[in-house]
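Data first, discussion second: the structure below is written as structure tokens.
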Amino acid sequence: LGPVADRAALVARWTNAARELVDAPPNVLSPAGLAERAAALPRLRTEIVDPTEAGLGALAAVGASGPVEPRLLVLRHEPPGAPDAPRLALVGKAVTFDTGGYFLKPQSDIVRQKADMAGGAAVTAALGAIAELGLPLSVTGVLPACENMLSGSAIRPTDVITTAAGLTVEVTNPDAEGRLILADALWWARRDGATHVVDLATLTGAMRAGMGDMYAGVFAND
């Protein structure tokens, strides 16, 4: 088919892989299941970090609500000869099921919440494609993986937690778990030496209400 068509086929295959991850049921693709999938990716170096041991207080607090322990998944593409800069980090929200916690989501919304890890799925597949393409660039994928469940150990409204950056946060909405876990993941990416960061998340229904299904909203400093 030629190099252009081969590249397009490769990207399409990894795009489908991301969709398959999003479509997987939450009892199969738990934080542990996502970690297994990530660790099996070829050509990448994978780290699975315990958030409590690493001081990732926000991720640990959100993930304490579910029966499966939270994890920070770090996927590294570091080809020989890659320049020191830029160093790209792709950060993907990976809440494998989001009940909303004590701000329980309505039935019409909760049935879709296995897809709250779509940002993490996109990053996982992107790293797989980048590695297979052999791009001459250092790229790190950072996935805060957890469940946001309703349980005796779930975050309560007005709880105060401490993030990896040492900042304290009063939680007034336990369904705002995405920005909590992403705060720790973004801190990790910067501490890890990233010069450029792209953060992908199914973060708020307001974005969909404002932009519809055909467009992605982007916040940027560039």
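The values are calculated or read from the model by the stated rules, or taken from the named source; none is laboratory data. Quick caveat, the model's predicted, so the values are computed rather than measured. All Cβ positions, glycine included, derive from the backbone under ideal geometry; neighbour counts span all protein chains shown. Surface areas here come from the heavy atoms of the whole protein model, side chains and all, with no ligands, DNA or RNA. Shrake-Rupley method; radii C 1.70, N 1.55, O 1.52, S 1.80 Å.
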- Query: Which condition breaks for H77 when tested against (1) over 25 Å from R191 (Cβ atoms); (2) open to solvent by less than 40 Å² (accessible area, probe 1.4 Å)?
  - Reply: (1)
- Query: Mind checking whether some residue in the range 159-171 is among the acidic types (D, E) and in contact with a Leu (Cβ under 6 Å, 6 or more places away or on another chain)?
  - Reply: no
- Task: Determine which single condition A183 fails, assuming it passes every other condition in (1) among the hydrophobic types (A, V, I, L, M, F, W, C); (2) within 17 Å of the chain's Cα centre (by Cα); (3) closer than 30 Å to A82 by Cα; (4) assigned to a loop (DSSP other than H, G, I, E, B).
- Result: (4)
- Query: Which members of the range 94-111 meet the condition of being over 29 Å from L75 (Cβ atoms), charged (D, E, K, R) and not in a loop (DSSP other than H, G, I, E, B)?
  - Reply: D109
- Query: What residue, among those in the range 199-222 that are open to solvent by 70 Å² or more (accessible area, probe 1.4 Å) and in contact (Cβ under 8 Å) with a residue 12 or more places away in the chain, is nearest to L88 (Cα to Cα)?
  - Reply: D199
- Message: So A89 ticks every box in (1) at pLDDT 95 or above; (2) open to solvent by 10 Å² or more (accessible area, probe 1.4 Å); (3) in contact with a Ser or Thr (Cβ under 8 Å, 6 or more places away or on another chain) but one. Which box is left unticked?
- Response: (2)
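Considering only the range 69-103, state which residues are under 16 Å from the mean Cα position of the chain (by Cα) and either of a type in the set (A, V, I, L, M, F, W, C) or more than 20 Å from G33 (Cα to Cα) (or both).
Scanning the range 69-103 gives L72, L73, V74, L75, L88, A89, L90, V91, A94, V95, F97.
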- Message: Condition (residue is modelled with pLDDT under 95 and out of contact with any Asp or Glu (no Cβ under 8 Å at 6 or more places or on another chain)) applied to the range 136-156: is it met by at least one residue?
- Response: no
- Looking at (1) within 22 Å of G152 (Cα to Cα); (2) open to solvent by less than 40 Å² (accessible area, probe 1.4 Å), which is the one condition that is false for R71? (2)
- Scanning the range 13-42 for residues that are over 18 Å from V142 (Cβ atoms) and of a type in the set (D, E, K, R) gives R13, R19, E20, D23
- Query: Name the pairs whose Cβ atoms lie under 6 Å apart, with the first residue in the range 70-90 and closer than 12 Å to D192 by Cβ, the second of a type outside the set (A, V, I, L, M) and not in a strand (DSSP E or B), and 6 or more positions between them or separate chains?
  - Reply: L72/P51; R87/G193; R87/T195
- Item | Residues that are open to solvent by 40 Å² or more (accessible area, probe 1.4 Å), free of Cβ contacts under 8 Å to residues at least 12 places away in the same chain and outside any helix (DSSP H, G or I), drawn from the range 1-60 | L1, N27, V28, A40, T52, E53
- Task: Pull up the range 187-198, narrow it to residues that are in a helix (DSSP H, G or I) and surrounded by fewer than 21 Cβ atoms within 10 Å (Cβ to Cβ), then point me to the one that is nearest to the chain's Cα centre (by Cα).
- Result: W187
- Query: Say we look at the range 126-180 and pick out the residues that are of a type in the set (D, E, K, R) and buried (at least 21 other Cβ atoms within 10 Å of the Cβ); which of these is farthest from L41 (Cα to Cα)?
  - Reply: E177
